[in-house]
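First the structure, which I've put down as structure tokens, then a few questions once you've had a look.
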Amino acid sequence: MKFIPEKYNIKDEPMKGFIDPNEIWEHINNAKVSMERLQEVIQKSLDKNRLNLEEVAVLVNADTPEMVEMIKKAATKLKETVYGNRIVLFAPLYVGNLCHNNCKYCGFQASNLEAVRKTLTIEELENDVTSLLDNGHKRLILVYGEHKTYSPEFIADTVRAVYKVKSGNGNIRRVNINAAPLDIEGFKTVADSGIGTYQVFQETYHPDAYKKYHISGKKANYENRLIALDKAQEAGLDDVGIGALFGLYDWRYEVLALVRHTNHLEACYNIGPHTISFPRLQDASQYDISDEYKVSDEDFTKLVAILRLAVPYTGLILTARETKEIRREVLQYGCSQVDAGTKIELGAYSEDEEGEAKQDLTKEQFLINDNRSLGEVIDELIEDEYLPSFCTACYRLGRTGEHFMEFSVPGFIKRYCTPNAILTLSEYLIDYSDKEKAVKAWKVIDKNIEDLKEKKLIIEVRNRIERIKKGERDLYF
């Protein structure tokens with residue numbers, strides 16, 4: 001992939017560190033905030049241009065109620081322009097919680113003798129996948145502790161096992177991964193199994209803070225983790241996800257650092273991250289973190305809106321760590337993906353198919369705050385006139401990495417994603433939804449079809465829905 005640092009006027013090189021804490025703090029401390037400057041920055045974002053660090057610092061420092069409201073309204077408008085009203089749904093599936101690291105915020109830390117350790121067998125994994133399929137899921141992210149057991153070959157084998165599972169009309173169409181950084185050959189091995197996005201979260205981008213929280217294990221190496229996704233790109237795995245764990249350090253710094261990571265990948269590989277995640281710290285077994293950098297709900301909603309404005313074409317992932325009330329609020333500020341029906345105890349999907357997930361911190365990585373089923377989340381999304389989506393077309397048609405940017409940056413993504421969201425929601429309503437509850441969802445589908453405007457496309461979408469009603473599945477543009 002071509003190295004083009006001049007595109008972003010930075011001096012980054014592939015496979016080398018790029019975070020300078022002093023640079024980030026200089027932007028935060030020296031940003032000149034005025035109503036006029038804020039309007040200029042917002043307009044640049046609304047014109048679908050990614051913001052630089054100085055401009056993001058303006059947003060971070062804009063703190064009057066009027067300014068914050070401007071940021072949120074602009075983020076809502078931008079989200080609608082780029083992504084429409086669709087929300088992609090997925091579920092996390094924990095495969096194993098063995099771990100050789102000691103991270104002070106994580107229930108999986110190696111020194112936690114209270115933790116109940118488990119790695120799913122292939123049969124147990126298949127049972128969990130079957131339960132997820134029977135509830136309507138089509139997209140999973142497999143999660144692994146950082147341990148030698150979870151080698152690239154092991155990860156690849158579990159991915160292939162997931163893809164083989166069928167239940168009724170259901171099958172998993174895309175598997176994403178959240179696991180330890182790999183070497184280049186390891187990333188190639190996992191890529192060959194047909195994964196979607198590979199996530200590696202830096203947790204905190206501040207080197208001193210990172211050292212304080214990561215006591216031992218391979219994860220204690222800040223630099224190795226920082227360039228992990230460079231290795232993925234070098235391996236040809238061009239669909240990657242970044243993230244920070246908010247609450248470990250000043251949220252303003254982490255927001256700018258996420259943007260800095262984005263422009264590093266774009267400058268070195270001409271491809272930004274496919275997704276950005278922004279989980280907040282939650283309680284965990286052996287949790288040992290002060291509240292010094294705890295992120296308030298007010299700041300959290302603001303930072304989500306800022307991220308949407310900063311990176312217009314990057315997916316933003318909102319997780320069940322947050323309460324349903326917070327999730328409902330911040331969806332409007334630019335999130336494009338949410339998990340639903342989430343259970344993070346090993347084997348919980350097949351062992352506890354009825355009722356809410358049980359909260360047992362000796363068996364979970366952290367506390368989750370939204371235990372609603374997939375159906376309940378979809379019902380609320382429909383109530384709020386979002387368009388739930390299980391689409392995986394971009395992955396399978398090669399619209400990833402640089403190709404994804406070609407489609408998304410000019411704004412073409414909405415032309416593909418809305419029809420595909422309509423088709424996957426139609427499948428869900430026919431195969432899994434209560435008929436009475438589905439009535440309103442079909443009305444939402446009809447409205448979204450009419451909003452497509454293009455007569456030829458409208459006719460084709462309606463034709464494909466009729467084919468789905470007659471038994472066909474997995475139709476996409």
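The values are calculated or read from the model by the stated rules, or taken from the named source; none is laboratory data. Not measured: the values here are computed from a predicted model. With ideal geometry, Cβ positions are generated from the backbone for all residues, glycine too; neighbour counts draw on all protein chains shown.
Can you find even one residue in the range 193-204 that is more than 27 Å from V162 (Cβ to Cβ) and in the same structural domain as P92 (by TED's automatic domain parsing)? Step through it out loud before you land on a result.
Filtering the range 193-204 down to residues more than 27 Å from V162 (Cβ to Cβ) leaves 204.
If we keep only those that are in the same structural domain as P92 (by TED's automatic domain parsing) too, we end up with 204.
Checked the range 193-204: at least one residue is more than 27 Å from V162 (Cβ to Cβ) and in the same structural domain as P92 (by TED's automatic domain parsing).
Using the structure shown, decide if D339 is touching a strand residue (DSSP E or B) at 6+ places or on another chain (Cβ under 6 Å), among the acidic types (D, E) and closer than 28 Å to V129 by Cα. Full working, then the answer.
On the way: touching a strand residue (DSSP E or B) at 6+ places or on another chain (Cβ under 6 Å): yes; among the acidic types (D, E): yes; closer than 28 Å to V129 by Cα: yes.
So D339 passes the test.
Could you please tell me which pairs satisfy a Cβ distance under 8 Å, a separation of 6+ or placement on different chains, a first residue in the range 237-249 that is under 21 Å from W25 (Cβ atoms), and a second residue that is part of a strand (DSSP E or B) and basic (K, R)?
From residues that are under 21 Å from W25 (Cβ atoms), the pairs are L245/R280; F246/R280; G247/R280.
Looking at (1) closer than 24 Å to D370 by Cβ; (2) in contact with a helix residue (DSSP H, G or I) (Cβ under 8 Å, 6 or more places away or on another chain); (3) surrounded by 23 or more Cβ atoms within 10 Å (Cβ to Cβ), which is the only condition C106 fails?
Unmet condition: (2).
Restricting to the range 139-176, name every residue that is under 24 Å from I242 (Cβ atoms) and out of contact with any strand residue (DSSP E or B) (no Cβ under 6 Å at 6 or more places or on another chain).
Those that are under 24 Å from I242 (Cβ atoms) and out of contact with any strand residue (DSSP E or B) (no Cβ under 6 Å at 6 or more places or on another chain): E146, H147, S151, P152, F154, I155, A156, R173.
Filter the range 173-198 for residues that are touching a Ser or Thr at 6+ places or on another chain (Cβ under 7 Å) and part of a strand (DSSP E or B); which is surrounded by the fewest Cβ atoms within 10 Å (Cβ to Cβ)? I'd like the intermediate steps shown before the answer.
Step one: list which residues in the range 173-198 are touching a Ser or Thr at 6+ places or on another chain (Cβ under 7 Å), which gives 173-174, 176, 197.
Adding the requirement that they be part of a strand (DSSP E or B) leaves 174, 176.
Values: R174: 22, N176: 24.
Restricting to residues being touching a Ser or Thr at 6+ places or on another chain (Cβ under 7 Å) and part of a strand (DSSP E or B), the top hit is R174.
State whether one or more residues within the range 276-285 are within 20 Å of the chain's Cα centre (by Cα), surrounded by 22 or more Cβ atoms within 10 Å (Cβ to Cβ) and part of a loop (DSSP other than H, G, I, E, B).
Yes; the residues of the range 276-285 include at least one that is within 20 Å of the chain's Cα centre (by Cα), surrounded by 22 or more Cβ atoms within 10 Å (Cβ to Cβ) and part of a loop (DSSP other than H, G, I, E, B).
For the range 24-62, how many residues meet the condition of being exposed (fewer than 14 other Cβ atoms within 10 Å of the Cβ) and of a type outside the set (S, T, N, Q)? Give the derivation first.
Taking the range 24-62 and keeping what is exposed (fewer than 14 other Cβ atoms within 10 Å of the Cβ), we get 29-30, 32, 34-36, 39-40, 43, 47, 49.
Of the ones still in play, those that are also of a type outside the set (S, T, N, Q) are 32, 35-36, 40, 47.
Qualifying residue count for the region: 5.
Another question, then. Considering only residues that are of a type in the set (V, I, T), in a loop (DSSP other than H, G, I, E, B) and over 10 Å from the mean Cα position of the chain (by Cα), which ones fall in the range 311-338? Before the answer, list the steps.
Just the residues of the range 311-338 that are of a type in the set (V, I, T), to begin with: 311, 314, 317, 319, 323, 326, 330, 338.
Checking the rest, the ones that are also in a loop (DSSP other than H, G, I, E, B) come to 311, 314, 319, 323.
V311, T323, listed by residue number.
List the residue pairs whose Cβ atoms are under 7 Å apart, where the first residue sits in the range 89-117 and is under 20 Å from T204 (Cβ atoms), the second is of a type in the set (F, W, Y) and assigned to a loop (DSSP other than H, G, I, E, B), and the two are 6 or more positions apart or on different chains.
From the range 89-117, the pairs are C99/F108; Y105/Y287; G107/F366.
Give me the residue from the range 365-389 that is hydroxyl-bearing (S, T, Y) and either buried (at least 22 other Cβ atoms within 10 Å of the Cβ) or more than 18 Å from G334 (Cα to Cα) (or both) and, out of that set, farthest from the chain's Cα centre (by Cα).
So the first thing to find is which residues in the range 365-389 are hydroxyl-bearing (S, T, Y), and the list is 373, 386, 389.
Then drop every residue that is not either buried (at least 22 other Cβ atoms within 10 Å of the Cβ) or more than 18 Å from G334 (Cα to Cα) (or both), which leaves 373, 389.
Working: S373: 19, S389: 14 Å.
The extreme case among them is S373.
Hey, P65 hits all of (1) more than 14 Å from P312 (Cα to Cα); (2) without any contact (Cβ under 8 Å) to a residue 60 or more places away in the chain; (3) touching a helix residue (DSSP H, G or I) at 6+ places or on another chain (Cβ under 7 Å) but one; which does it fall short on?
Unmet for P65, out of (1) more than 14 Å from P312 (Cα to Cα); (2) without any contact (Cβ under 8 Å) to a residue 60 or more places away in the chain; (3) touching a helix residue (DSSP H, G or I) at 6+ places or on another chain (Cβ under 7 Å): (3).
Before we move on, is Y349 at pLDDT 90 or above, more than 30 Å from Q43 (Cβ to Cβ) and assigned by TED's automatic domain parsing to the domain that holds L89?
On the way: at pLDDT 90 or above: yes; more than 30 Å from Q43 (Cβ to Cβ): yes; assigned by TED's automatic domain parsing to the domain that holds L89: yes.
Against the criterion (at pLDDT 90 or above, more than 30 Å from Q43 (Cβ to Cβ) and assigned by TED's automatic domain parsing to the domain that holds L89), Y349 qualifies.
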